[in-house]
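The values are calculated or read from the model by the stated rules, or taken from the named source; none is laboratory data. For clarity, every value in this text was computed on a predicted model and none was experimentally measured. Cβ placement follows ideal geometry from the backbone for every residue including glycine, while neighbour counts extend to all protein chains displayed. Only protein heavy atoms, including side chains, enter the accessible area calculation; ligands, DNA and RNA are left aside. Shrake-Rupley method; radii C 1.70, N 1.55, O 1.52, S 1.80 Å.
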Amino acid sequence: MAYKYDKDLEFLKTIKSKDLDELFNVLTKDKDGDVRMTEELTNNDLVKRFYPDHQQYIELIMAELQHFGGNSFVNIFRGGGVQYKEILCDVCDKLKVNYNKNATTETIEINMFMKLLEDSIAKMSQEELAEIAKDLNITHVDYSSVMMALRAIMKMGGFKTYQIILMITNVVWKVIFGRGLALATNAAITRYVGIFLGPIGLAITGIWTAIDIAGPAYRVTIPAVIYVAYLRQLSTQDI
C-alpha cells in the first residue's frame with residue numbers, strides 16, 4: 001500500500017533510525033514477538049536491503065500505520081489507509097479521551113496522555129500522591145492539586161513534558177509488551193515508572209480486554225499512536 005502524504009507524519013522523516021525501532025516492531029510483531037499475519041513491511045525488498053536503517057524506507061512505515069488505521073473497528077469499510085489524525089481520534093475514542101477534533105494533532109495527543117495520567121492519579125495511594133507532590137513542589141497532597149500541577153506542565157511543554165510522556169509510554173510498553181522501552185534507561189526520566197505502573201497498568205489492561213473484543217487492529221494502532229506521539233515530543237528536544 002502506498003503512503004498518502006500526511007502532514008502529521010512527515011516529521012518522522014527527521015527521527016533517527018534507532019528511535020524508530022519500537023514503531024517498526026509494533027507494526028510488524030505482536031506482543032509475543034511473533035510476526036503479524038497482516039503486516040507487509042518485512043517482505044518488502046527495500047526493507048530487506050536496508051533494515052534496520054528505517055529512514056531508508058520511512059514512507060513504507062508510515063503507509064503501514066495508515067493501513068492498520070484503515071482496518072480499525074471504526075474504519076473497517078474504508079478500503080484503504082487513513083490519515084494519522086483520524087487514527088489518533090479513533091484511538092482517543094477507544095481510550096475515552098475528552099478532546100476537540102478541531103484542535104491540533106499535538107494538543108489531542110497531549111489530551112490522550114493526560115487521560116492516562118488522570119486515570120492513574122485517581123487510583124494512587126496517599127503515599128504515592130505524596131511522592132509525586134514532593135517532586136512537583138506542591139504542598140497540598142490530593143488528586144486535584146497534583147492534577148492541576150501536571151496539567152500546567154503538560155500545557156507548558158518543554159523537557160519536563162517530554163519526561164512525563166516518555167515515562168507514560170514506557171509504562172504502556174511494560175504493560176502491553178512485558179518490557180520497557182530500550183531507550184528509556186535514564187533513571188531521572190523514568191524514576192516514577194514504579195509508581196505509575198500499577199494504576200496505568202489497570203487502565204491499559206481494561207482497555208486491552210475491550211480491544212480483544214473490538215478487533216485486532218487496535219492492538220497495533222493504540223501503541224503505535226502512543227509511540228508516534230512520544231516521537232513528536234522527542235523531535236522537539238535537543239537530546
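Computed quantities for the displayed model
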| item | result |
| --- | --- |
| Residue in the stretch 29-48 that is within 17 Å of V82 (Cα to Cα) and part of a helix (DSSP H, G or I) present | no |
| Unique match (being within 18 Å of V171 (Cβ to Cβ), touching a residue at least 12 places away in the same chain (Cβ under 8 Å), open to solvent by 70 Å² or more (accessible area, probe 1.4 Å) and part of a helix (DSSP H, G or I)) among E118, E109, E131 | E131 |
| Verdict on D93 being open to solvent by 80 Å² or more (accessible area, probe 1.4 Å), under 26 Å from L166 (Cβ atoms), among the acidic types (D, E) and outside any helix (DSSP H, G or I) | no |
| Unique residue being modelled with pLDDT under 95 and open to solvent by less than 40 Å² (accessible area, probe 1.4 Å) when the list is E40, E64 | E64 |
| Breaking point among (1) modelled with pLDDT of 85 or more; (2) open to solvent by 10 Å² or more (accessible area, probe 1.4 Å); (3) part of a helix (DSSP H, G or I); (4) touching a Leu at 6+ places or on another chain (Cβ under 9 Å), for V141 | (3) |
| Which numbered condition N98 fails, given (1) in a helix (DSSP H, G or I); (2) touching a helix residue (DSSP H, G or I) at 6+ places or on another chain (Cβ under 7 Å); (3) open to solvent by 80 Å² or more (accessible area, probe 1.4 Å) | (1) |
| Residue list for the stretch 1-18, filter: part of a loop (DSSP other than H, G, I, E, B) and out of contact with any helix residue (DSSP H, G or I) (no Cβ under 7 Å at 6 or more places or on another chain) | Y5, K7, K16 |
| Qualifying residue in the stretch 184-194 (condition: modelled with pLDDT of 85 or more and charged (D, E, K, R)) | no |
| Members of the stretch 49-73 found to be in a helix (DSSP H, G or I), under 15 Å from A224 (Cβ atoms) and not aliphatic (A, V, I, L, M), listed by number | H54, E64, Q66, H67, F68, G69, G70 |
